[in-house]
Amino acid sequence: QVQFVESGGGLVQPGGSLRLSCAASGSMFSIYGMGWYRQAPGKQRELVATITNGGSTNYAESVKGRFTISRNNVKNTLYLQMNSLKPEDTAVYYCNTHPRLGMTWGQGTQVTVSS
């Protein structure tokens, strides 16, 4: 099992930026494809961005061109740079493997975009 600890969320105005981090425990991080997911109030959790163990990335249409996923396998850390934030980006953001391998979700980090 790998444990995930997300951080970096907060309150930001529309058009602002945030950088999320996900620290993963264990020595197997580098072999996993990873993803950022988010869950808005009253909605199902959705996939936002993915990165393979080789560094190939993919994005949901709603965030393409605004968000950038990256990883540092030496630090066992996943990142999500979020620019041009919109109120509809408000959600709790989580990291986990992609594809899903049944690992436990972390506590997530709250992102609120509001003026």
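The values are calculated or read from the model by the stated rules, or taken from the named source; none is laboratory data. Note that the structure is a prediction, hence the values are computed from the model and not measured. A quick note on method: Cβ atoms are made from the backbone with ideal geometry, for glycine too, and the neighbour counts reach across all protein chains shown. The protein model used for the area step is the full one, side chains on, heavy atoms only, and it has no ligands, DNA or RNA in it. Shrake-Rupley method; radii C 1.70, N 1.55, O 1.52, S 1.80 Å.
Pop out the ³J(HN,Hα) list for region 104-115 in order, Karplus 6.51 cos²θ - 1.76 cosθ + 1.60 with θ = phi - 60°, rounded to Hz; leave Gly and Pro as x.
Listing the rounded values in order: 5, 6, x, 7, x, 9, 7, 10, 10, 10, 7, 8 Hz.
If I compute solvent accessible area with a 1.4 Å probe over the protein chains, what percent of it on region 11-58 is carbon and sulfur?
Carbon plus sulfur share of accessible area: 48 percent.
Just in region 1-91: which trypsin sites (Lys or Arg not before Pro) are loop by DSSP and have at most 13 other Cβ atoms within 10 Å?
Within region 1-91, the qualifying trypsin sites (Lys or Arg not before Pro) (loop, at most 13 other Cβ atoms within 10 Å) are Lys43, Lys64, Lys75.
Once you list every other residue whose beta carbon is under 14 Å from the beta carbon of His98, what net charge do they have if Lys and Arg are +1 and Asp and Glu are -1?
Result for the neighbourhood of His98: +3.
What distance in nm separates the simple spin-label points at Asn58 and Ser25, each placed 7 Å from Cα in the Cβ direction?
That separation, rounded to one decimal, is 3.0 nm.
Using the Karplus curve 6.51 cos²θ - 1.76 cosθ + 1.60 with θ = phi - 60°, work out ³J(HN,Hα) for each residue of region 41-52 in order, rounded to whole Hz, and write x for Gly and Pro.
So the Karplus estimates, Gly and Pro as x, are x, x, 10, 6, 5, 10, 7, 9, 7, 10, 9, 7 Hz.
Could you give me the ³J(HN,Hα) list for region 71-83, computed from phi with Karplus coefficients 6.51, -1.76, 1.60 and θ = phi - 60°, whole Hz, x at Gly and Pro?
8, 10, 6, 6, 8, 6, 10, 10, 10, 9, 8, 10, 10
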